Amino acid sequence: MRRTFSRFGALAFVFALLLGALVGGVAVAETQVHMRNAKGDLQSALDQLNAASADKAGHRVNAIKLVNQAIDEVNAGIQAGAQ
């Protein structure tokens, strides 16, 4: 016996698939919360370093480079975790 979906059944099925995709997306986003927080903290540190006066014997410039590298690594980690 062949079964067919009613319109309501088909819509409910599509809704369930979309809801599952949404919930799955939220779960992935939640797993990145600490990485995203770290990225925000690093961006704040970079803003403070850029606002600081004087070079501090090259340490400020080096710190800016290192924070930029850390931001790049966090971005790569976020991308890797999204897969």
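Suppose the chain between Ala45 and Asn75 were pulled fully straight at 0.36 nm per residue; how much longer would it get relative to their current alpha carbon spacing?
Working: separation 30, 0.36 × 30 = 10.80 nm, distance 1.59 nm.
Gain on stretching Ala45 to Asn75: 9.2 nm.
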Next item on the list: Let me know the Kirkwood hydrodynamic radius for the stretch 33-83, please, with Cα pairs as the basis and the value in Å to one decimal.
Entry: 11.6
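Where a number appears in this text, it was derived from the coordinates with a stated rule and is not lab data. What you see is a predicted model, and the numbers here were worked out from it, not measured in a lab.
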